[in-house]
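> Quick one: this structure, given as structure tokens, is what I'll be asking you about.
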Amino acid sequence: MRLKIIAGNLVALLLVGLGSYFVVRAQLSSRLEADVDAEIANDGVLFDRSWRLSGREFLERVVAQSMTQQVRDAFGGLDDDSRRRRAHEASNAVAEWFRSSGQVREGAPDVVLVTDETGRVLARNQDPNRMVGHALGAELGAVRDVLADGVPRHDAWAYRAEDKVLEVGIAPIRNAQGGIIGALVVAYDLSNGIAQSEGRLLGRDVAFVTADKVYSGSMSQDVKAALQAFLFGERAGQTRAVLESATVDRWAARLGGADFVGVTGRLPLSPSTPVGYVVLANKTAAMDLAGSTASILLFLIVGVIITVAYGFFVGGAWVRALEEIEEGVLAVINGKTETRIALEGGELGGLAYRINQLINVFTGVSESDEGGEGGGTAWRDAPFAEGGAGGGTAPAAVGSSSAPSSAEPIDDPAVAAKLAAEPEDAYYARLYREYVAAKQAAGENVAGIPQDRFVARIRGNAEALAKKHGVAAVRFQVESAGGQVSLRPVLIRQ
């Protein structure tokens with residue numbers, strides 16, 4: 001029975017737990033996958049807008065620096081060496097301003113230089129002799145355009161001398177009369193750092209690509225290498241089309257042991273150099289959230305352990321109680337009518353009490369053997385209250401364990417001979433009168449103790465005790481002590 005109870009609870013627990021796990025995991029996985037697929041296109045749009053905004057902010061700061069007096073003074077030198085020195089100092093000052101301000105881009109620019117009105121470099125930051133006289137207008141068309149129309153421009157610059165791809169801001173330098181006398185160029189490498197900064201804004205990985213490679217990115221090296229092979233391998237045609245026509249390509253691939261979805265587009269504000277961006281989302285990492293449903297399995301295991309332990313504990317207590325009840329009833333059936341079920345408290349204690357009452361009704365006995373060498377017997381007349389004439393409350397206990405006279409039966413031949421000589425009807429009538437009188441003297445209500453039921457119980461108890469002690473008969477005498485009334489058995493051996 002215990003195993004059946006535990007098995008039933010386990011089956012119910014497993015069905016609910018496993019069902020919840022599979023349903024929640026399936027729904028969560030499906031929702032996460034759909035969200036990633038749906039959001040990647042929007043992420044591409046968000047990157048485009050974010051890049052345009054940061055590009056404009058960057059260009060505004062370049063324009064502000066081009067209007068400083070130190071930059072204008074670069075053209076006040078009397079000779080080329082003087083102008084180169086002043087242009088170098090102005091370039092370093094601008095680089096330091098960008099580094100210390102920490103606005104738009106982090107750190108100092110990779111290149112800051114000043115050109116004359118023809119687009120030739122006067123000087124740059126870091127090295128005063130590097131790039132001097134370089135015709136930047138021929139290499140970077142945006143410089144030529146800025147000098148021609150005076151409109152600041154944001155662009156991308158493939159700086160081959162250092163094998164770098166740079167984000168560049170170009171602003172005209174004007175004299176006091178407003179004439180264009182040169183250009184200020186500030187450029188940042190499209191490095192892993194910029195990719196990571198943009199990626200943090202989107203909560204995605206971001207990469208920059210040129211015509212033949214993945215230039216930089218916020219992802220790990222193995223994913224970057226896999227992306228290189230994918231974009232310029234099986235998807236090379238689509239990548240070239242994106243760089244040439246500014247279309248957007250949406251794709252899905254397995255990169256570096258994980259599933260990704262991504263979008264490739266032309267980098268905005270970069271007309272001179274074909275540079276692209278890639279925004280990609282790791283679907284495998286996103287789906288890891290569905291793995292949190294494994295906690296359901298953990299709680300399920302804990303629930304199984306608790307169910308088994310509780311089932312054995314509670315089920316064992318019930319089984320032991322039922323076995324005790326079964327053994328007690330079987331003993332009564334086999335003739336041991338003095339047997340009573342000693343089970344108190346709990347859910348089955350009441351059942352045991354009612355079974356004992358039933359046994360008393362059928363055997364005419366109200367006995368609870370407390371054991372001991374002397375075979376002491378405690379008597380209770382509570383059943384007399386069940387149908388006494390005139391109603392009334394149940395009388396107090398008779399022969400309770402607190403009554404000293406009921407500690408053991410009387411085995412005195414003289415007393416036994418006197419009781420044995422008394423006629424049976426006279427004996428029972430006298431015993432009833434003495435018992436009722438003693439009860440009344442103790443201040444107890446005796447209305448619920450009819451004589452016929454009293455005699456029937458006394459006979460039943462006498463027969464049981466005679467069989468128990470192996471004597472010819474048992475009779476009783478009334479004893480009172482300390483306000484307690486008891487019927488003490490007397491053994492009659494002949």
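Rule-based calculations on the coordinates, nothing more; no lab input. Keep in mind that this is a model prediction, so the values were computed, not measured. Using ideal geometry, Cβ is built from the backbone for each residue, glycine included, and neighbour counts are taken over all protein chains shown.
> For ARG354 and VAL415, calculate 0.36 nm times their separation in residues minus their Cα-Cα distance, and state this gained length in nm to one decimal.
18.2 nm
> Helix 451-469 against the longest principal axis of the chain: what's the angle in degrees, Cα atoms only, rounded to the nearest 10?
Around 80 degrees separate the two axes.
> Relative to the longest principal axis of the chain, what angle (0 to 90°, nearest 10) does the C-alpha long axis of helix 346-363 take?
20
> Give the separation of the Cα centroids, segment 68-128 to segment 446-494, in Å.
Cα centres, segment 68-128 to segment 446-494: 125 Å.
> For segment 218-234, just list the computed ³J(HN,Hα) in residue order, Karplus coefficients 6.51, -1.76 and 1.60, θ = phi - 60°, integers in Hz, with x standing in for Gly and Pro.
8, 8, 5, 5, 5, 5, 4, 5, 5, 5, 4, 5, 6, 5, 10, x, 5
> Could you calculate the FRET efficiency of LEU330 with ARG493 from 1/(1 + (r/R0)^6), where r is the beta carbon distance between them and R0 is 22 Å, rounded to 0.05?
0.10
> Compute the angle between helix 294-333 and the longest alpha-carbon principal axis of the chain, please, reported from 0 to 90 degrees and rounded to the nearest 10.
It works out to around 10 degrees.
> For segment 99-155, what D do you get in µm² per second when you plug the Kirkwood radius from alpha-carbon pairs into Stokes-Einstein at 37 °C and 0.692 mPa s?
264
> Just rank ILE458, ILE333, fewest to most, by other beta-carbon atoms within 10 angstrom.
Going from sparsest to densest Cβ surroundings: ILE333, ILE458.
> While we're on this one: Take the Cα coordinates of segment 38-100, assign each an equal point scatterer, and use the Debye formula without solvent to give log10 I(q)/I(0) at q = 0.12, 0.13, 0.15, 0.21 Å⁻¹.
The computed values of log10 I(q)/I(0) come out as -0.47, -0.51, -0.59, -0.83.
> Hey, any idea what the orientation-averaged projected area of the convex hull of the chain's Cα atoms comes to, in nm²?
Projected area, direction-averaged: 44.4 nm².
> May I pose another question? Order by neighbour count: SER50, SER100, SER218, fewest other Cβ atoms within 10 Å first, most last.
Exposure proxy ranking, most exposed first: SER100, SER50, SER218.
> When the helices in the chain are scored as -39500 (n - 2.57) per DSSP H run of 4 or longer and the sum is shared across all residues, what 222 nm value do you end up with, to the nearest 500 deg cm²/dmol?
Counting only the DSSP helices, I get -16500 deg cm²/dmol.
> A further question follows. Note down the net charge around GLU117, summing +1 for each Lys or Arg and -1 for each Asp or Glu among other residues with Cβ under 14 Å from its Cβ.
Around GLU117, the surrounding residues sum to +2.
> Right, another one. Quick one: which residues, 5+ away or cross-chain, put their amide H under 5 Å from the amide H of ILE173? H built at 1.01 Å from N.
Sorted by chain and number, the residues that satisfy this are ILE181, GLY182, ALA183, LEU184.
> Structure shown: which of LYS4/LYS336; LYS418/LYS468; LYS336/LYS439 lie over 29 Å apart, alpha-carbon to alpha-carbon?
LYS4/LYS336; LYS336/LYS439
> If you take all C-alpha pairs in segment 67-189, what percent of them are over 16 Å apart?
Looking at segment 67-189, the distances longer than 16 Å represent 57 percent of pairs.
> Can you report the principal axis dimensions of segment 133-232 using only the alpha carbons, biggest first, rounded to whole angstrom?
Its Cα atoms span 55, 27, 18 Å along the three principal axes.
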